[in-house]
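Reviewing the structure listed below.
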Amino acid sequence: MALSLSWKVFALFPTNCCSLFLRAVRSSGLPSFPWGHCPWRGAGSILDPEMKAFLEENTEVTSSGSLTPEIQLRLLTSRCKFWWEKADLWPYSDPYWAIYWPGGQALSRYLLDNPDIVRGKSVLDLGSGCGATAIAAKMSGASRILANDIDPIAGMAITLNCELNQLNPFPILTKNILDLEQDKWDLVVLGDMFYDEDLADSLHRWLKKCFWTHTTQILIGDPGRPQFSGHSIQNQLHKVVEYSLPEPTRQENNGLTTSTVWHFQP
């Protein structure tokens, strides 16, 4: 696999190669929205046919190699042509949504195994990516879900992934939610978001405000990245469960072997 010129370096070394995504997070404005896409995708939104065809052609439907075999996802795998192509041949923003990251896997597994955590509750999936954790919340009986990711293509992929799992798509927000007035949620989940020190500081402040303003329950999934394990947020975490990662996930994430769900209690 040729990695030197590819976004896949981020998949293998997720703590070192995230500048494109981070710039978008730090931006005070909206990202560019292709095909007239607006930052809100409602539950009944229709996908752009051109983008739908592109995603279906260049991703693989899979449910193997992760902690949640009951969830089907469209991902970029070694059987997809762009897995092997140079990064500059991918025509859109880097497809971080096309990898099922280990923190999200742990959160999704936990929600599926413990549906009482979300049943009848409102859930915000922050940095939703492929949407797996939001899908797990929906499968487990959450009454209200918002998936948030700054990449509008991620929003389209999430909609496709809902359909794969015979779920009515839930609302998706493709705007930096850290810049917005906070809404009230029973539960906020976020996986694999502590990969940069500045972003980690911003998330920490936002989560503390969310907890103290709305008494929101907050669950964080992370496989042990240094920006998370070395952050001051560690003093406010309670370990919920640790999972051993399947071998394919280990190979895609530079040999990381476990992923943990943490309860944030400031």
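Quick notes
- Residues of segment 109-131 that turn out to be more than 22 Å from Asp196 (Cα to Cα), open to solvent by less than 10 Å² (accessible area, probe 1.4 Å) and not in a strand (DSSP E or B), as a count: 2
- So Asp48, is it touching a His at 6+ places or on another chain (Cβ under 9 Å), within 21 Å of Ser128 (Cβ to Cβ) and surrounded by fewer than 24 Cβ atoms within 10 Å (Cβ to Cβ): yes
- Residue selected from segment 212-228 under the condition more than 19 Å from the chain's Cα centre (by Cα) and open to solvent by 50 Å² or more (accessible area, probe 1.4 Å), by the criterion nearest to Gln182 (Cα to Cα): Thr213
- Segment 132-149 - residue that is hydrophobic (A, V, I, L, M, F, W, C) and assigned to a helix (DSSP H, G or I) and, of those, farthest from Pro115 (Cα to Cα): Ala132
- Scanning segment 171-202 for residues that are free of Cβ contacts under 8 Å to residues at least 40 places away in the same chain and open to solvent by less than 10 Å² (accessible area, probe 1.4 Å) turns up Phe194, Ala200.
- All positions within segment 196-244 that are among the β-branched types (Val, Ile, Thr), assigned to a helix (DSSP H, G or I) and farther than 18 Å from Gly103 by Cα: Thr213
- Only one of the numbered conditions (1) more than 20 Å from Pro95 (Cα to Cα); (2) open to solvent by 50 Å² or more (accessible area, probe 1.4 Å) is not met by Glu163, and that is (1).
- Residues in segment 242-255 that are in contact with a helix residue (DSSP H, G or I) (Cβ under 6 Å, 6 or more places away or on another chain) and open to solvent by 40 Å² or more (accessible area, probe 1.4 Å): 2 in all.
- Scanning segment 150-173 for residues that are assigned to a loop (DSSP other than H, G, I, E, B) and within 20 Å of Leu107 (Cβ to Cβ) yields a total of 7.
- Segment 63-108, subset among the small types (Gly, Ala, Ser) and assigned to a loop (DSSP other than H, G, I, E, B), residue farthest from Gln217 (Cα to Cα): Ser78
The values are calculated or read from the model by the stated rules, or taken from the named source; none is laboratory data. This structure is a prediction, so every number in the text was calculated from the model and none was measured. Every residue, glycine as well, gets a Cβ built from its backbone with ideal geometry; the counts of neighbours run over all protein chains shown. Remember, those area values only see protein heavy atoms, side chains included, never the ligands or the DNA or RNA. Shrake-Rupley method; radii C 1.70, N 1.55, O 1.52, S 1.80 Å.
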